[in-house]
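Engineer: I'd like to ask you about the structure that follows.
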Amino acid sequence: MSDKPLFAIIVFPGSNCDQDCYHVATELVGCRAEYVWHRDTDLKDADVVILPGGFAYGDYLRAGALARFSPVMESITRFAMDGGPVLGICNGFQVLLEAGLLPGAVRVNRGLRYVCKDVHMRVENSSTVFTRLYEPGDVVRMPVGHMEGNYTAPPETLTELEYQGGIVFRYCDAEGRVTDSANPNGATAGIAGISNRGGNVVGLMPHPDRCAEGVLGNEVGRRMFESAAMALAGR
């Protein structure tokens, strides 16, 4: 059996970044990957689970709300609770929030407009499974494409995230300053990505899968996939 980590790419009705994530995991990072349909409960002995971007179930009711009830989510929850690495990208992040695997929620963007552009983020926590190849304070550029990315949480949850290092990325300008003008959606405290207490579950609104090779403008997103592969190598 191959010792290369296996990425399970979850596919919901309406996912549209599943093939992007598969390409990064296999062609760019050199790992194995399998698609897992939302009705399945078998994660195929995956080492890493990726919930990709898109519009699961058409984002009916609200983003991620219906996907949270897919049969596969029970398996993902058990996997995460056992310490398995889980990454939610954009819509995948919304699903993780709805499922309670990450705290807080996202609202419609400030300005009530779909946002699609490159943004800068500052790395706040480089000790999660998916951020080990970054340094604290690194400024990275990634694209966003969402209507509901305005992260919010109760004050006590925000305090806990700050205290436990649960804030992984913040929106910032090119110099690393967290400013309101650099915040594309109005997210509280400029929060672009968070993790659970164990650092094995990470969600973010920007798309690392869309900036993983030079032809796309930069390769900084590849490091999230590589970080997970490195953490699992040689087990």
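Engineer: From the convex hull of the Cα coordinates of the chain, what is the mean projected area in square nanometres?
Structural biologist: The number I arrive at for the chain is 11.6 nm².
Engineer: Principal axes first, then extents: for the Cα atoms of segment 1-128, list largest minus smallest coordinate on each axis, whole Å, largest first.
Structural biologist: Over segment 1-128, Cα extents along the principal axes are 51, 32, 26 Å.
Engineer: Roughly how many whole Å is it from the C-alpha centroid of segment 127-143 to that of segment 166-235?
Structural biologist: Here the answer is 6 Å between Cα centres.
Engineer: May I ask which residue of TYR60, GLY83, LEU96 lies farthest towards the positive end of the charge dipole of segment 52-111, with charges of +1 (Lys, Arg) and -1 (Asp, Glu) on Cβ and the Cα centre as origin?
Structural biologist: My answer, from the dipole projection, is TYR60.
Engineer: Mind listing the phi-derived Karplus ³J(HN,Hα) values for segment 193-206, rounded to whole Hz, using 6.51, -1.76 and 1.60 with θ = phi - 60°, and x for any glycine or proline?
Structural biologist: Taking θ as phi minus 60°, the curve returns x, 9, 9, 7, 4, x, x, 9, 10, 10, x, 8, 7, x Hz for segment 193-206.
Engineer: As a check on your grasp of the helix formula, calculate [θ] at 222 nm for the chain: sum -39500 (n - 2.57) over DSSP H runs of n ≥ 4, divide by the residue count, round to the nearest 500.
Structural biologist: -5500 deg cm²/dmol
Engineer: Starting at 0 and stepping by 5 Å, how many percent of the alpha carbon pairs of segment 117-235 end up in each bin?
Structural biologist: Spelled out bin by bin, segment 117-235 gives 2, 12, 21, 26, 21, 12, 4, 2, 0 percent.
Engineer: Based on Cβ point charges of +1 for Lys and Arg and -1 for Asp and Glu, what charge dipole magnitude is obtained for the chain about its Cα centre, in debye rounded to the nearest 20? Let's see the in-between values first.
Structural biologist: Numbers: 21 positive and 28 negative charges, 62 e Å.
Dipole about the Cα centre, nearest 20: 300 debye.
Engineer: Mind ordering 181-192, 100-111 by average Cβ neighbours within 10 Å, highest first?
Structural biologist: Details: 181-192: 20.4, 100-111: 17.8.
The most tightly packed comes first, giving 181-192, 100-111.
Engineer: Here's a follow-up. If you take every DSSP beta bridge whose two residues both sit in segment 6-232, what share of them, in percent to the nearest 5, is antiparallel?
Structural biologist: In segment 6-232, approximately 60 percent of DSSP beta bridges are antiparallel ones.
Engineer: What list of ³J(HN,Hα) couplings, whole Hz, do you get for segment 163-171 from phi and the Karplus terms 6.51, -1.76, 1.60, once you set θ to phi - 60° and write x for glycine and proline?
Structural biologist: Couplings: 5, 9, x, x, 8, 9, 9, 10, 5 Hz.
Bear in mind that the values in this text are calculations on the coordinates, not laboratory data. Keep in mind that this is a model prediction, so the values were computed, not measured. With ideal geometry, Cβ positions are generated from the backbone for all residues, glycine too; neighbour counts draw on all protein chains shown.
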